[in-house]
1. Round to a whole number: what % of the accessible area of segment 1-62 belongs to carbon and sulfur, probe 1.4 Å?
2. With θ taken as phi - 60° and the coefficients 6.51, -1.76 and 1.60, list the Karplus ³J(HN,Hα) couplings across segment 13-22 in order, rounded to whole Hz; mark glycine and proline as x.
3. Which residues' amide hydrogens lie under 5 Å from the amide hydrogen of Ser54, considering only partners 5 or more residues apart or on another chain, with H built in the peptide plane?
4. Put Ser54, Ser134 in order of accessible area, largest first, 1.4 Å probe: what do you get?
5. Let me check something: with ligands and nucleic acids excluded, how do Val132, Val71, Val90 order by accessible area (1.4 Å probe), largest to smallest?
6. Mind checking the per residue accessible area of segment 31-99 for me, 1.4 Å probe, whole number of Å²?
Amino acid sequence: MIRNVVGSVLALAGATAAVWSPFRAWYDGRHGRDYAIGELFTGITDAKADLAGSILLPFAFAALLTLVGVVLRSRPLVALAGLVVLGFTVLWMVRVGQAEGSLAVGPDGAGLGDGVANALGGGVLLLLGALVMSGRHPRRHRVDVPPGPHRPAPEPAPEPPPADAPWAETRTYDVPDGPPARDPEGKNPPPGS
């Protein structure tokens, strides 16, 4: 239970960081929401994308996968969301590296920005959340199966001893300080006599 709670918190934090990342600077002060999703497959240009067709789209999809995975306690869905975030971030880094010639991290907002760090950190948090979660455990039901050709019938329980057996009746004696007194009727003599 606790593992599911901790894993869910990590996963939700990762999804939040991933969705927030396109609204931060990604490269040379340009925000992630300015990169069109199609540019990740064709090449980066200077054209500004609309919000619905930007890199925000796969991150919003990953956040939706995360929510469904947390509600269903599904480790594979949360891990898939983490892979989506990391995959699109790495693909973006490859395309920007091809367009710029290299990736750089510089002072004053030059080079890689904190939006990329948010996306990478969010993807890692999603994967950690999937690892920490214990997931669902299948409920097992016991079903009594009648005996068949491959299953022998259970052996019957042994019968209780008859009531006239010598060990069936037990008597108790009050022993003050000495040996027990003889039974006046002589039915139960003390041991050793």
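The values are calculated or read from the model by the stated rules, or taken from the named source; none is laboratory data. This is a predicted model, so every value here is computed, not measured. Note: accessible area is taken over every heavy atom of the protein model, side chains too, but ligands, DNA and RNA are not part of it. Shrake-Rupley method; radii C 1.70, N 1.55, O 1.52, S 1.80 Å.
1. Within segment 1-62, the accessible surface is 70 percent carbon and sulfur.
2. Those phi angles translate into 5, x, 5, 5, 4, 5, 6, 6, 4, x Hz.
3. Ile37
4. Ser134, Ser54
5. Final ranking, largest accessible area leading: Val71, Val90, Val132.
6. 49 Å²
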